[in-house]
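Q: One structure follows; several queries about it will come next.
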Amino acid sequence: MSIGPWWHRCPGGRWERGRLAGPVVEDPRSRWHRMSPRDHRIDPALASWITAPGEDPQNPLLRLSFALVSPPVSARLLVTGLGTFRAALNGAEVDDARLDPGLTDPRARIQVRELEVGALLHRGENVLGIELGRGFHAMTTPNEWRWHLAPWRGPVRAWAHLRMHLADGSSRAVATGQDWRTRPGPVAFDSMYEGETFAPVEDPEAWLLPGYDDSDWAPVLAASSRRGARRGGHGREVPEPMMVRQVQEPIREQEEITPAVVSSSPTRTVLDMGRVIAGWCRVELRADVPADDPPLLLVARHAEKLREDGRVDARNEHVHTDRFQEDRLRLEPGCARSFAPRHSYKGFRYVELEASPGDLARVQVTGILAHADLSPASTLTSSDAHVEAMDRAMRASLLNNMHHVPTDTPSLEKNGWTGDALTSLAAMTTGFDMRRMLRKWLEDQVDGQRGDGSLAVISPSPGWGYEELSPAPEWTCLLPVLLDEMVCEYGETDPVARHAAAAARYLAHELGRRDEDGLISSVLGDYLSPGSPGPAPEVRRLSGTLLVAHALRRLAHALERATSAGEPLAPDLPAPDTLRTDASTLEQAVNSVFLDATRGLYRDPGTAAEPGTSTYRQTSNILPLAFGIVPPERSGAVVDHLVADLTARGDHHDCGHLGVRFLLPVLSAHGHGALAWRVLSNPTAPGWRAWLEAGNSTFAEMWEQPRSHSHYFMGTPVTWLHEHVAGLRRGAEGWEEFVVAPDPDVPVGRIAMTRATNAGEIALDLDREARTLALTVPDGTRATVVLPPEPGTAAPQELGPGEHLLRW
């Protein structure tokens with residue numbers, strides 16, 4: 001495949017040129033997630049890229065009819081698309097995955113699904129059909145992040161290779177090429193932001209069946225696929241983008257929801273799904289609607305919240321059209337009685353249906369929850385309803401944002417903001433098996449790295465986020481941190497061998513930005529603290545510098561583990577000791593500039609360009625405590641000031657996304673678990689309990705008048721519930737040695753967890769009132785248990801594999 005291919009002239013076609021690129025997907029296999037993309041490679045010469053005639057075809061249907069003289073024994077389908085695709089054999093979808101393929105920068109990497117499809121084939125005529133949508137590859141919707149101007153933007157297209165082994169011992173292959181035929185499909189418009197327009201002219205499934213007459217369809221345009229490299233500017237060889245098998249889990253429909261009616265009139269009905277979900281609605285004519293009834297025209301608008309007048313609030317200042325999350329459809333009682341979006345998804349709780357008088361009585365609506373098909377990694381139950389509600393809300397918020405990469409909202413942006421995940425990694429990996437999706441996302445970040453080592457704040461990126469809302473180390477430090485997380489959480493060191501050089505280049509870029517004080521600036525900081533419209537009100541050099549220092553230490557650890565595992569590392573990587581020395585230098589600079597040793601707190605002295613603030617800021621004191629840089633003789637005073645400020649605020653925090661992640665663990669670590677619980681369970685705003693008791697089941701993006709009602713980065717205190725209330729913590733090197741140390745001052749009676757790890761499943765059931773702990777330690781692991789002590793006793797206990805019942 002070439003980025004600028006030469007089109008073959010197809011029968012009846014014309015010469016065209018275009019640009020190949022776009023995201024693509026593949027199915028996971030249990031062994032694949034440990035392979036490098038080189039191991040996943042697909043030979044692009046197995047098939048040609050095909051599309052419909054025209055500069056920018058809309059929803060092309062691509063069809064091939066072929067005959068088999070003998071029944072198939074097995075068949076392997078490799079299939080992908082630039083944009084989104086749906087593939088079917090003889091009218092049956094090849095898989096129940098949705099919105100394939102996952103977004104990548106197609107100039108570097110294209111994902112391919114691999115499926116066993118022998119059961120869908122038969123002797124005689126067979127039909128392989130592929131339908132294409134725009135996705136983020138060929139978006140036309142103007143938007144803040146410039147997806148409509150992506151450097152790879154081009155026509156949607158498909159690539160497929162089907163290898164069949166027949167009962168007579170022969171084999172046969174068919175592939176996308178010049179013998180395919182095409183015509184426009186029933187989706188007259190599709191956009192990940194705006195929604196879809198459905199305007200069928202016949203049964204939308206008929207073309208997928210044998211016997212269908214496609215004689216009036218047009219020949220496709222086919223592009224050559226080539227191995228190796230192509231010539232770029234100045235005569236340089238530019239590697240062809242890799243085609244690789246998909247590693248991450250596909251998106252699948254998870255649940256059907258029957259909505260409740262909020263309000264109704266002859267022409268408009270508002271429905272409530274009961275909670276914010278990611279997915280879509282299926283709209284269908286009722287069974288008693290006769291086939292000869294006239295068509296039904298309907299508009300369905302989706303939103304996470306309602307306006308004061310009771311209608312859905314479908315505003316989005318970052319998407320520059322007058323339509324947002326809105327499906328427009330025509331249902332034909334005789335041939336097209338139902339519709340569900342095929343190439344887009346939405347984040348919503350409410351749906352507003354608008355139609356002609358009387359028509360709404362002819363339809364029924366079902367909400368469909370759809371997200372990445374992740375496996376749960378843990379369970380949690382508690383005698384305290386708020387503990388369970390917090391944990392449940394975080395899991396739901398995360399799942400609503402799992403669509404090939406972790407995103408920030410399922411409605412307003414759908415972007416892979418790296419800083420949201422940086423503070424939420426522990427919650428993600430506790431909730432779900434994330435290794436496949438995180439591996440995919442590592443590749444995306446490295447693919448997007450610029451020559452100077454810099455990274456964008458969103459990944460993948462169409463070129464936005466390198467200057468916009470940048471530099472922001474609290475976001476872009478995800479790459480080195482994620483490498484170490486793969487080591488510690490999953491015991492996987494091969495990503496370090498593959499990406500450590502990119503992580504080191506990024507950190508060198510950050511170190512090169514140090515100012516005269518030896519600090520590293522940031523434009524975002526502790527994002528969305530109460531009362532703030534976005535960036536932190538305090539100087540962001542403290543958080544930017546400390547996050548880089550943290551990333552340096554995490555990369556140093558990852559390199560040591562990779563070396564011990566025998567991974568082949570690049571020879572020019574910095575030594576772990578060098579990285580730690582750089583981290584220590586940054587930490588000393590933070591203390592030198594920000595620590596008021598006399599008062600025992602970190603304050604904002606400001607700079608010549610940016611005056612400081614005399615207001616005490618919690619996060620400026622939480623982060624030095626969390627990262628362990630406070631001099632021991634000053635630690636008590638720093639903690640005391642933090643406690644005093646929380647108490648003065650009525651047990652309320654004033655933190656953004658960074659502070660809320662570390663506040664409660666810092667309090668527990670310094671003997672203030674009771675205060676941590678009061679902050680978490682405070683029934684008034686700003687706080688989590690107030691939000692959940694207001695009827696929300698997912699977390700908000702911000703503390704006042706939130707845009708998004710399904711945003712996970714304010715839900716990170718669930719990690720405190722897991723690690724300090726239940727007390728289950730991963731060891732420094734992984735799960736082979738773990739800790740159970742519940743905070744004795746937290747007034748939660750019973751809490752129980754199961755936790756799947758790469759070393760086996762851990763189970764604990766802690767009852768503070770009965771003063772018991774039931775613990776299952778997996779084979780090959782060891783637990784250090786520190787129970788709530790009696791006065792003068794706090795000796796840890798070392799427990800080996802087996803089931804244990806402890807009392808205190």
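Q: In region 296-328, what residues are assigned to a loop (DSSP other than H, G, I, E, B), within 29 Å of the chain's Cα centre (by Cα) and under 20 Å from Ser264 (Cβ atoms)?
A: Listed by number, the residues that qualify are Lys305, Arg307, Asp313, Ala314.
Q: Answer yes if at least one residue in region 599-609 is under 26 Å from Leu667 (Cα atoms), crowded, with 17+ Cβ neighbours inside 10 Å and among the hydrophobic types (A, V, I, L, M, F, W, C), and no otherwise.
A: Looking for residues that are under 26 Å from Leu667 (Cα atoms), crowded, with 17+ Cβ neighbours inside 10 Å and among the hydrophobic types (A, V, I, L, M, F, W, C), one finds at least one in region 599-609, hence yes.
Residues are listed down the side, and each one gets a yes or a no for (1) touching a helix residue (DSSP H, G or I) at 6+ places or on another chain (Cβ under 7 Å); (2) in a loop (DSSP other than H, G, I, E, B); (3) modelled with pLDDT of 95 or more; (4) of a type in the set (Phe, Trp, Tyr):
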| position | (1), (2), (3), (4) |
| --- | --- |
| Thr619 | yes, no, yes, no |
| Leu623 | yes, no, yes, no |
| Gly628 | no, yes, yes, no |
| Glu633 | no, no, yes, no |
| Leu642 | yes, no, yes, no |
| Gly650 | no, yes, yes, no |
| Leu658 | yes, no, yes, no |
| Arg661 | yes, no, yes, no |
| Val666 | yes, no, yes, no |
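Q: With the requirement that a residue be more than 30 Å from Ser338 (Cα to Cα) and part of a strand (DSSP E or B), what does region 166-216 give you?
A: Within region 166-216, Leu166, Ser171, Arg172, Ala173, Val174, Ala175 qualify.
Yes or no, residue by residue, for (1) in a strand (DSSP E or B); (2) at pLDDT below 95; (3) of a type outside the set (A, V, I, L, M, F, W, C):
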{"residue": "Val24", "(1), (2), (3)": "no, yes, no"}
{"residue": "Ser36", "(1), (2), (3)": "no, yes, yes"}
{"residue": "Asp39", "(1), (2), (3)": "no, yes, yes"}
{"residue": "Glu55", "(1), (2), (3)": "no, yes, yes"}
{"residue": "Gln58", "(1), (2), (3)": "no, no, yes"}
{"residue": "Arg63", "(1), (2), (3)": "yes, no, yes"}
{"residue": "Phe66", "(1), (2), (3)": "yes, no, no"}
{"residue": "Leu78", "(1), (2), (3)": "yes, no, no"}
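Q: Looking at region 80-88, is at least one residue assigned by TED's automatic domain parsing to the domain that holds Phe198, buried (at least 19 other Cβ atoms within 10 Å of the Cβ), charged (D, E, K, R) and part of a loop (DSSP other than H, G, I, E, B)?
A: no
Q: List the strands (runs of 3 or more DSSP E) inside region 329-388, counting only whole elements, that have at least 2 residues being within 30 Å of Ala770 (Cα to Cα).
A: Qualifying strands (runs of 3 or more DSSP E): 378-382.
Q: May I ask you to list the residues in region 148-174 that are over 32 Å from the mean Cα position of the chain (by Cα) and among the small types (Gly, Ala, Ser)? Reasoning before the result, please.
A: Filtering region 148-174 for residues over 32 Å from the mean Cα position of the chain (by Cα) gives 163-174.
Ala167, Gly169, Ser170, Ser171, Ala173 - these are the residues of region 148-174 that are over 32 Å from the mean Cα position of the chain (by Cα) and among the small types (Gly, Ala, Ser).
Q: Among the residues of region 256-268, count how many are touching a residue at least 24 places away in the same chain (Cβ under 8 Å) and in a strand (DSSP E or B). Full working, then the answer.
A: As a first pass, look at region 256-268 and keep what is touching a residue at least 24 places away in the same chain (Cβ under 8 Å): 256-259, 262-264, 266-268.
Then drop every residue that is not in a strand (DSSP E or B), which leaves 256-257, 262-264, 268.
Residues meeting the conditions: 6.
Q: On to the next question. State yes or no: is Gly802 of a type in the set (Gly, Ala, Ser), on the phi > 0 side of the Ramachandran plot, in contact (Cβ under 8 Å) with a residue 12 or more places away in the chain and not assigned by TED's automatic domain parsing to the domain that holds Phe432?
A: Spelling it out, Gly802 is indeed of a type in the set (Gly, Ala, Ser), on the phi > 0 side of the Ramachandran plot, in contact (Cβ under 8 Å) with a residue 12 or more places away in the chain and not assigned by TED's automatic domain parsing to the domain that holds Phe432.
Yes/no matrix, rows are residues, columns are (1) over 18 Å from Leu519 (Cα atoms); (2) surrounded by fewer than 16 Cβ atoms within 10 Å (Cβ to Cβ); (3) among the hydrophobic types (A, V, I, L, M, F, W, C); (4) touching a residue at least 40 places away in the same chain (Cβ under 8 Å):
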{"position": "Ala589", "(1), (2), (3), (4)": "no, no, yes, yes"}
{"position": "Ala597", "(1), (2), (3), (4)": "yes, yes, yes, no"}
{"position": "Tyr616", "(1), (2), (3), (4)": "yes, no, no, no"}
{"position": "Pro631", "(1), (2), (3), (4)": "yes, yes, no, yes"}
{"position": "Ala637", "(1), (2), (3), (4)": "yes, no, yes, no"}
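Q: If I ask for residues that are in a loop (DSSP other than H, G, I, E, B), polar (S, T, N, Q) and surrounded by 21 or more Cβ atoms within 10 Å (Cβ to Cβ), which ones from region 699-733 would you list?
A: Across region 699-733, the qualifying residues are Ser708, Ser710, Thr716.
Q: Taking region 269-295, which residues are in a loop (DSSP other than H, G, I, E, B) and either hydrophobic (A, V, I, L, M, F, W, C) or touching a Phe, Trp or Tyr at 6+ places or on another chain (Cβ under 9 Å) (or both)?
A: Ala287, Val289, Ala291, listed by residue number.
Q: Pick out the one residue from Tyr506, Tyr527 that is assigned by TED's automatic domain parsing to the domain that holds Thr619, outside any helix (DSSP H, G or I) and within 16 Å of Leu422 (Cβ to Cβ).
A: Tyr527
The values are calculated or read from the model by the stated rules, or taken from the named source; none is laboratory data. Note that the coordinates shown come from a computational prediction; the quantities given were computed from them, not determined experimentally. A quick note on method: Cβ atoms are made from the backbone with ideal geometry, for glycine too, and the neighbour counts reach across all protein chains shown.
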